[in-house]
Amino acid sequence: MKVLALNGSFRKGGNTEILLKQALMGAESQGATVEILRLTDYRIGPCRGCGLCLFRENVCQVQDDDVSLIFSKVDESDGVILGAPCYFLELTAVVKQLIDRCWILGHKIGKIRKPATVIVPYATRGWIPYVFVQSNILLNVMGLTKINEAAICTQGISEVVLDPEAMELAYGMGKEIAAAIREKDFTYKGEPGICPSCHDWHVRILRDHETVECPMCGVRGKLSVSDGKIRVQFEEKAWADSRFRPDVQYNHFTYHIAPSKDYFLRTKEERKARTQKYREYLAK
Amino acid sequence: MAKYFVKLRYFPGDPLEEIREKDLQGLEKQYGVKISYEKIENREMKEGLLMERTLDKRIEEVTQEVIGVSSDREENFSDCIRGLYKKYRCPRTAYSLLGSNEAGQKIAKGLMNTHGGW
């Protein structure tokens with residue numbers, strides 16, 4: 001049993017690294033072998049948007065960096081702990097950089113069963129609205145199943161060691177992921193959010209002003225207020241639309257992306273003519 | 001040829017509910033427009049999923065449902081498009097209006113931006 005920690009913090013000895021190592025100690029106590037990767041130690045180039053991973057069946061054009069190594073480490077592991085700090089409302093840029101490179105993994109979405117958990121140290125309460133959106137995206141596109149997530153309020157470098165509850169929580173999350181691997185039980189153990197699938201708290205109001213949507217899953221529901229409490233009801237049949245279901249992913253790649261090649265090719269001459277002025281503009 | 005004509009191409013998983021010809025006939029009457037419907041089905045069951053290779057196919061040949069709407073009256077046309085978007089949601093791809101005329105496409109695209117839900 002191998003547990004891999006992905007560290008999205010540049011800082012050595014920082015709160016993220018400490019919390020991840022504490023979680024790995026917890027996993028190790030349950031018999032796991034462990035490894036930690038500081039993502040900023042690896043070259044993660046930007047996705048070039050060339051589309052070859054989509055149109056040439058899983059070939060990434062970016063070969064001169066370490067992303068395939070990171071993916072192979074995830075492949076070799078039985079479970080993943082993602083840690084990243086929140087500096088400005090969301091996770092660090094290296095996490096997003098990695099998300100963008102995950103197109104190549106699209107064919108795995110929903111098909112592999114591997115648990116993951118998320119730890120986010122942050123400094124100011126109320127300044128972390130998007131952190132679990134990003135972690136949800138990364139885990140989903142990597143084909144991982146989230147079993148827990150925690151945001152931990154702590155600020156200066158290594159200050160988290162002064163918070164015994166946070167340290168205990170991280171240790172427990174490490175034990176938990178080891179147990180999930182051992183027992184093949186990937187049910188979500190964290191605090192339930194609004195969305196019963198991704199457990200996030202976001203809802204998006206659609207332009208009809210009648211419907212709301214889980215922006216992560218793309219599942220539509222209805223908002224209601226009863227006893228002064230806001231609730232969102234998702235219809236059972238709406239789950240067929242959930243973005244990270246294998247059949248929905250399949251349809252997305254097969255019908256929204258692949259046929260665009262035909263459109264691209266048949267508009268070639270017109271595009272060439274219309275883009276001429278942009279090729280010349282500010283070209284020197 | 002009607003002044004406003006659009007083809008709405010719904011690919012598998014796009015419509016919020018099943019597109020039924022009976023419902024389309026009802027919408028045709030309700031909005032006073034002409035509605036056509038065409039279903040193209042080229043999927044085969046493999047590995048428990050309905051699958052199809054679409055990469056090198058013409059857009060018009062891949063599995064899809066095409067709702068055609070035509071009218072000479074802008075208001076009727078717009079109202080119908082709005083009604084279709086509300087019922088099925090608007091088509092989702094950049095090429096989902098392929099085969100429409102310019103006037104129809106302009107309205108259908110504009111309504112996607114304001115009523116598409118995005």
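Readers should treat all values here as calculations from the given coordinates under stated rules, not as data from a laboratory. Everything quoted here is computed from the prediction, not taken from an experiment. Because the Cβ atoms are built from the backbone with ideal geometry, glycine has one as well, and the counts that use them run over all protein chains shown.
The alpha-carbon positions of the protein assembly as shown define a convex hull whose volume is 188 Å³ per residue. For chain B, modelled as a GNM whose springs connect Cα atoms under 10 angstrom apart, the maximal fluctuation among B:Glu74, B:Glu60, B:Glu44 occurs at B:Glu44.
Ignoring lysines fewer than eight residues from A:Lys12 along the same chain, the ones with Cα atoms less than 17 angstrom from its Cα are A:Lys21.
When the C-alpha to C-alpha distance is required to be over 26 Å, the pairs from A:Lys237/B:Lys39; A:Lys268/B:Lys86; A:Lys114/A:Lys261 that qualify are A:Lys268/B:Lys86; A:Lys114/A:Lys261. Mean partner shielding of peptide B:49-60, defined as the number of other chain Cβ atoms within 10 Å of each residue Cβ, is 5. Other protein chain C-beta atoms within 10 Å of residue C-beta, averaged over A:245-256: 6. For the residue pairs A:Lys272/B:Lys106; A:Lys96/B:Lys7; A:Lys73/B:Lys46, the C-alpha atoms sit more than 27 angstrom apart in A:Lys96/B:Lys7; A:Lys73/B:Lys46.
Seen against the Cα atoms of chain B and their longest principal axis, helix B:21-31 is set at about 20 degrees.
Taking Cα atoms only, the orientation of helix B:102-115 departs from the longest principal axis of chain B by about 80 degrees. Considering chain B as a Gaussian network with a 10 Å cut-off on Cα pairs, which listed residue, B:Gly48, B:Gly68, B:Gly83, attains the greatest mean-square fluctuation? Result: B:Gly48 has the largest fluctuation of those listed. Listed by chain and number, the aspartates and glutamates whose C-alpha is less than 16 Å from the C-alpha of A:Lys175, apart from same-chain residues fewer than 8 away, are A:Glu28, A:Glu35, A:Asp78, A:Glu149, A:Glu165, A:Glu183, A:Asp185. Converting phi to 3J(HN,Hα) with the Karplus coefficients 6.51, -1.76 and 1.60 and the offset θ = phi - 60°, segment A:32-46 yields 7, 8, 10, 8, 10, 10, 8, 4, 6, 7, 10, 7, 10, x, x Hz in sequence order, with x at every glycine or proline. If R0 is 45 Å, the Cβ-Cβ spacing of A:Lys277 and B:Arg53 corresponds to a FRET efficiency of close to 0.75. Rounded to the nearest 500, the 222 nm mean residue ellipticity of chain A from helices alone is -10000 deg cm²/dmol, with -39,500 (n - 2.57) taken per DSSP H run of at least 4 residues.
The DSSP beta bridges internal to chain A are antiparallel in roughly 35% of cases.
Ordered by the number of other Cβ atoms lying within 10 Å of each residue's own Cβ, fewest first, A:His209, B:His115 fall into the sequence A:His209, B:His115.
By the beta-carbon count within 10 Å of each Cβ, the least crowded to most crowded order of A:Val133, A:Val59, B:Val6, A:Val120, fewest first, is A:Val59, A:Val133, A:Val120, B:Val6.
Listed by chain and number, the aspartates and glutamates whose C-alpha is less than 16 Å from the C-alpha of B:Lys3, apart from same-chain residues fewer than 8 away, are B:Asp72, B:Glu74, B:Glu75, B:Asp79, B:Glu102. One equal scatterer on each Cα of segment A:204-280, no solvent, Debye formula: the resulting log10 I(q)/I(0) at q = 0.23, 0.24 Å⁻¹ is -1.01, -1.05. Alpha-carbon geometry of segment B:54-102: the Rg and the Dmax are 12.6, 38 Å, given in that order.
For the residues A:Gly79, A:Gly126, A:Gly174, a GNM of chain A with alpha-carbon springs under 10 Å puts the largest fluctuation on A:Gly126. What angle do you read, to the nearest 10 degrees and between 0 and 90, between the alpha-carbon axis of helix B:74-88 and the longest principal axis of chain B? The angle comes out near 30 degrees. The average projected area of segment A:2-183, computed from the convex hull of its Cα atoms over all directions, is 9.8 nm². Neighbour counting of Cβ atoms within 10 Å sorts the residues A:Phe55, A:Phe88, fewest neighbours leading, into A:Phe88, A:Phe55.
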